[in-house]
Ligand SMILES: *Cc1c(COP(=O)(O)O)cnc(C)c1O
């Protein structure tokens, strides 16, 4: 890998401000008050009855799955798209459940509903299905509801879609239970964090039992969060982002499968850091939408085979599009790396290609998920994408199409 010195766009950014750090430190000293405030703000904004705050999106997912398992002891399978974040299978394994995969539709990144029907017909051990608003593109939850007709739980993965909507409904509130991530690279960030939302009293009660069993952040762990928040405050800026990017031990942008993660209740520091999140999210998402519309226009004037990019005049955290060939993808990525343009690949492979999981899916193929992992790249849409960067990226895309 070559190291680029100087101005480099991060692939995604929800900047943390100095003020956020101050309110975080205040939150540290009044934990109960800050957690209650953040929870009730979330319940208000999303119009849901129950909300739980934890240490990450994968912790949120694990706790939801443990709770669902308690009420359905005869069901142990969880169905996910074969193209998704590696944290999702990590959480399913952590909850002691089995992963079922369904291929996707490359134009929408939603489930392949024909294949889903075949899977539904072949098992009665399905505990939950996890429709995913990948990059913020809304999954078709209504269609899924009609198709499964109450036969299992809909667990909405809105990790990348906080603040997004479809038909006036807020993403994350349309299934039986849903979760967000507020980790690095998500819609907005408290360094790490996860949010669970549900209107279902029974599910809420069993999640509450699970939350009682986990621990709080220690003092040292909260000091670490403070340290990372300061690092993010400084190094998310394009003038400095090349520095953490050049340090391989930080593992920026790496996606790994690892079921051994911490599961904790959110700290007062994180809840304090989130103060003012409604305005921040609104402002960020307005810019993301404008930039996504710009990319949709640029890409639609070029000869791309995929229809993915035409779907995307939405609030996205990164703008995905499918290159026509792996070669074209590599040209764009290599040039972006040299010029510091923040264009990124997505996940290193489909879920069945993960080394630790391979043998569970030996005789199964998910060709579209695999194709998406190979060919999709994402353009940055955050507030640091200035006019100058837009011009450079647009020129790169044009030249890669010649
Ligand atoms: C990030 C992410 C998660 C997990 O969230 P963390 O806070 O990183 O644990 C789950 N699903 C999707 C689609 C994600 O992008």
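The table for this structure:
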{"read-out": "Criterion violated by residue 295 - all others in (1) within 16 Å of the ligand (Cβ to nearest atom); (2) under 27 Å from residue 170 (Cα atoms); (3) surrounded by 21 or more Cβ atoms within 10 Å (Cβ to Cβ) satisfied", "value": "(1)"}
{"read-out": "Filter result (crowded, with 24+ Cβ neighbours inside 10 Å and touching a strand residue (DSSP E or B) at 6+ places or on another chain (Cβ under 8 Å)) within segment 165-191", "value": "171, 172, 175, 177, 178, 179, 180, 181, 182, 187"}
{"read-out": "Matching residues in segment 1-24 - criterion: being surrounded by fewer than 16 Cβ atoms within 10 Å (Cβ to Cβ) and at pLDDT 85 or above", "value": "17, 18, 19, 22"}
{"read-out": "Test result for residue 234, within 30 Å of residue 95 (Cα to Cα) and either exposed (fewer than 15 other Cβ atoms within 10 Å of the Cβ) or at pLDDT 95 or above (or both)", "value": "no"}
{"read-out": "Among residues of segment 108-122, those that are touching a residue at least 40 places away in the same chain (Cβ under 8 Å) and either touching a strand residue (DSSP E or B) at 6+ places or on another chain (Cβ under 9 Å) or on the phi > 0 side of the Ramachandran plot (or both), counted", "value": "3"}
{"read-out": "Matching residues, segment 338-369, being outside any loop (DSSP other than H, G, I, E, B) and touching a residue at least 40 places away in the same chain (Cβ under 8 Å)", "value": "338, 339, 344, 351, 352, 360, 361, 367, 368, 369"}
{"read-out": "Residue match in segment 148-165 (condition: within 12 Å of the ligand (Cβ to nearest atom), modelled with pLDDT of 95 or more and farther than 21 Å from residue 47 by Cα)", "value": "no"}
{"read-out": "Test: residue in segment 115-130 that is outside any strand (DSSP E or B), closer than 28 Å to residue 256 by Cα and within 17 Å of the chain's Cα centre (by Cα)", "value": "yes"}
{"read-out": "Helices (runs of 4 or more DSSP H) fully within segment 23-109 counting 2 or more residues that are within 18 Å of the chain's Cα centre (by Cα), over 19 Å from residue 123 (Cα atoms) and within 16 Å of the ligand (Cβ to nearest atom)", "value": "57-71, 87-94"}
{"read-out": "Those residues of segment 168-188 which are under 18 Å from residue 285 (Cβ atoms) and within 14 Å of the ligand (Cβ to nearest atom), in sequence order", "value": "171, 172, 178, 180, 181, 182, 183, 184, 185, 186, 187, 188"}
{"read-out": "Any chance residue 81 is within 30 Å of residue 356 (Cα to Cα), buried (at least 22 other Cβ atoms within 10 Å of the Cβ) and modelled with pLDDT under 95", "value": "no"}
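The values are calculated or read from the model by the stated rules, or taken from the named source; none is laboratory data. The structure displayed is predicted, hence computed values, not measured ones. Virtual Cβ from ideal backbone geometry, glycine too; neighbours counted across all protein chains shown.
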